[in-house]
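Below you'll find the structure, written out as structure tokens, and then a few comments.
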Amino acid sequence: MAATKEFSSTGGDATVIGPSILISGKLTGDEDLTVRGRVEGELNLSKTLIVETSGIVKANVSVRNAIVSGVVVGNITASESVELTREGRMVGDINSPRVIIVDGASFRGHVDMGNAEPRPQSERPAARPVVRPATTSRPATVPARAAIPVARPAAKPQPPPIAKVEAAAKPENKPAPPPPPPQPVLVGEAGKKKVLVKKKK
Amino acid sequence: MANTIIGSSIVIDGEISGDEDLVIQGTVKGKISLKESLFVEASGVVEADIEVQNVDIAGRVTGNIAATDKVELKADCRVVGDVRAPRILIADGASFKGNVDMDVKER
Amino acid sequence: MATNDQINIIGKGITIRGSLTGGGDLVVEGRVEGQVNLKNHLTIESSGVVEADIRADELTINGTASGNIDAGTKCSINQSAKVNGDIKATRVVIEDGAVFNGSIEMDVKLPDDI
């Protein structure tokens, strides 16, 4: 959470669709958009879409980043990343170089990350500042969830999730994942079909 | 501050409905119907028919406006369309073209 | 419980072609081609490559997998993983950095009015 506070100023760019609002039609823009209500139709943004827990987006979405804690029905094309948080629910296809699905999220559809080869860590444009262990995803759910109640007060139009993305946009190399622990070398016979199964414990 | 803000770079082509305050700094085309107040700020451009309780216009509105309570046209606003509301305020400097109807049947 | 405590490893130098079935947990550091059908937990380590349709109760992928996956409870695709294929599981987790192409089928509870 500390990381999200540092980047809380995003200037005047803060479009918020409140919980009782329904927009149906086509929405385009060059700023972050937070949806707490409902948007139906088509959504094109050059920045970040944040669908909060109360938010429902029933639209084909084209954005730079999307953070989904609410409901999305439709396809998302993101030039950078799509994240389904713990409470995110989505039905549709995702087309984005980075897709993050956190434990607890539910999703049905196709995922296309494009390139078949994983990029080297340093090339990844937006490493998240959130520190987490490389092997389990559990802790990653915590910041995403904790951010939501903080976003509620109407007095401050920039909710932390925006800040989080701003933070993520800073180029910051994520440390490479730790190498796999050295494993016992198993002496298999040269034959290809030979199965060697070892009891570890 | 209102819950819903349509920022200055946002363009919405379609319908907006709801029961909370709405602030428009960007562009909305189509239709707006709200049970609460609408604020069209100086940078806001609305090409839509508007049905609200209150509306404050400092930007540009093209379309018919029907308010159940009050319509306020601020200085420097530009409004083209018919306005129907029990209370209508037009500030010095406001530009307005259209009919005014304050004889509202309801309430 | 005896089978749950048992961890089997397919080491780095090993390639298996054919179908692999059983209980107990399995860790793949080598290569498996064909079919995998496990009652418990399958882990594909970062050196591991599995080109197979996989059925397991739980699946953790740090390496490479291609083929369709049917995981009973959970399928975790970790940072270093590269996965191609369709996944069916109650819970699917994709970490940042993982590469995945394919479809995911989970139970999605949508609001009624959608």
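The values are calculated or read from the model by the stated rules, or taken from the named source; none is laboratory data. In this text the structure is predicted, and so the values were computed from the model without any measurement. When we count neighbours, we look across all protein chains shown, and the Cβ atoms used for this are built from the backbone with ideal geometry, even at glycine.
Structure values in brief
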quantity: Exclusive hit being closer than 27 Å to C:Val83 by Cα, within 14 Å of chain B (Cβ to nearest Cβ) and either assigned to a strand (DSSP E or B) or not aliphatic (A, V, I, L, M) (or both), set A:Leu49, A:Leu43; calculated: A:Leu49
quantity: Selection within region A:19-40 - outside any strand (DSSP E or B) and crowded, with 23+ Cβ neighbours inside 10 Å; calculated: A:Ile21, A:Asp32, A:Arg36, A:Gly37
quantity: Answer from B:Glu20, B:Glu51 - the residue that is crowded, with 17+ Cβ neighbours inside 10 Å and more than 13 Å from chain A (Cβ to nearest Cβ); calculated: B:Glu51
quantity: Of all residues making up region B:85-107, the number that are surrounded by 20 or more Cβ atoms within 10 Å (Cβ to Cβ) and in a strand (DSSP E or B); calculated: 0
quantity: Any hit, region C:37-47, residues being more than 7 Å from every other protein chain (Cβ to nearest Cβ), in a strand (DSSP E or B) and closer than 30 Å to A:Gly70 by Cβ; calculated: no
quantity: Every pair of residues 6+ apart whose Cβ atoms lie under 6 Å, when the first sits in region C:92-114 and is at the interface with chain A (Cβ under 7 Å from one of its Cβ atoms) while the second is of a type in the set (Gly, Ala, Ser); calculated: C:Val93/A:Ser137; C:Val93/C:Ser76; C:Glu95/A:Ser137; C:Gly102/C:Gly85; C:Met106/A:Ser106; C:Val108/A:Ser106
quantity: Region C:1-23 residues that are of a type in the set (Val, Ile, Thr) and assigned to a loop (DSSP other than H, G, I, E, B), paired with ones that are crowded, with 16+ Cβ neighbours inside 10 Å and modelled with pLDDT of 90 or more (beta carbon under 9 Å, 6 or more apart); calculated: C:Ile14/C:Val28; C:Ile14/C:Glu29; C:Ile14/C:Gly30; C:Ile14/C:Arg31; C:Ile14/C:Val32
quantity: Matching option when the condition is surrounded by fewer than 18 Cβ atoms within 10 Å (Cβ to Cβ) and either without any contact (Cβ under 8 Å) to a residue 12 or more places away in the chain or closer than 25 Å to A:Val63 by Cα (or both), among B:Lys31, B:Lys35, B:Lys70; calculated: B:Lys31
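Residue by residue, here is whether (1) part of a loop (DSSP other than H, G, I, E, B); (2) of a type in the set (Ser, Thr, Tyr); (3) at the interface with chain A (Cβ under 7 Å from one of its Cβ atoms) holds:
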residue: B:Ile5; (1), (2), (3): no, no, yes
residue: B:Ser9; (1), (2), (3): yes, yes, yes
residue: B:Gly30; (1), (2), (3): no, no, yes
residue: B:Phe39; (1), (2), (3): no, no, no
residue: B:Val46; (1), (2), (3): no, no, no
